[in-house]
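The values are calculated or read from the model by the stated rules, or taken from the named source; none is laboratory data. All figures in this text were calculated on a predicted structure; none of them were measured in a lab. In this analysis, Cβ positions are derived from the backbone assuming ideal geometry, glycine residues included, and neighbour counts consider all displayed protein chains.
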Amino acid sequence: MDDAFDELQKMIDEDMRRIYSEVTINHAMNPRNVGSLKDADGWARYTGPCGDTMSMWIKMSGDILKEVRFSTDGCGTSAACGSMTTELAKGRKWSEALEISDVDVLRELGGLPEDDQHCALLAATTLKLAISDHLNRRREPWKKYYERR
Ligand code: FES
């Protein structure tokens, strides 16, 4: 039974490696920066056209994104994209992080099959919305006392 299971697992792994890059598999299996941030300076939740949702939290140090975290109820590819997006954004100025696009995420992951590419857009869009939330809070700091997450 164990041998059959190991053989099946090997076949699944080989299939996955034919479709996804090592970087994508690594980020999907060991996603970085997962979870929420207490007292975040910016937050967003976004549902993509596929129906999957991603949330992202950012903590600022001046203009720099000091910490970025995410969670998703989406596919393994969305976890890889959220993971890569948070890694790309961390340590950057908000104005630079705002420029991170799905194309950047796809490039850093080593590409994704066409059917999975929208997962990168989900992650990049959620980051933009979290930064935008932060900028709104800067303009109207009193609003944080009324927010509901
Ligand atoms: Fe919906 Fe990947 S985010 S399928």
**Report entry** Residue list for region 8-58, restricted to those being part of a strand (DSSP E or B) and either within 12 Å of the chain's Cα centre (by Cα) or aliphatic (A, V, I, L, M) (or both)
**Finding:** VAL34, ALA44, ARG45, TYR46, THR53, MET54, SER55, MET56, TRP57, ILE58
Query raised in the report: Assuming LEU127 fulfils every condition listed in (1) under 15 Å from the mean Cα position of the chain (by Cα); (2) surrounded by fewer than 18 Cβ atoms within 10 Å (Cβ to Cβ) apart from one, which condition is it?
Result: (2)
Query raised in the report: Where residues in region 79-111 are over 21 Å from SER132 (Cβ atoms) and not in a helix (DSSP H, G or I), which of them is nearest to the ligand (Cβ to nearest atom)?
Result: GLY111
**Report entry** Search result, residues across region 59-78 that are charged (D, E, K, R), away from the ligand (no atom under 16 Å from the Cβ) and assigned to a loop (DSSP other than H, G, I, E, B)
**Finding:** ASP63
Query - Selection count, region 63-106, where residues are of a type outside the set (Ser, Thr, Tyr), under 22 Å from GLY51 (Cα atoms) and surrounded by fewer than 18 Cβ atoms within 10 Å (Cβ to Cβ) - result: 3
Report task. Report yes if some residue within region 3-26 is within 28 Å of ARG137 (Cα to Cα) and of a type in the set (A, V, I, L, M, F, W, C); otherwise report no. Result -> no
**Report entry** Leading residue by the ranking (modelled with the lowest pLDDT) among those in region 40-56 that are within 9 Å of the ligand (Cβ to nearest atom) and not hydroxyl-bearing (Ser, Thr, Tyr)
**Finding:** PRO49
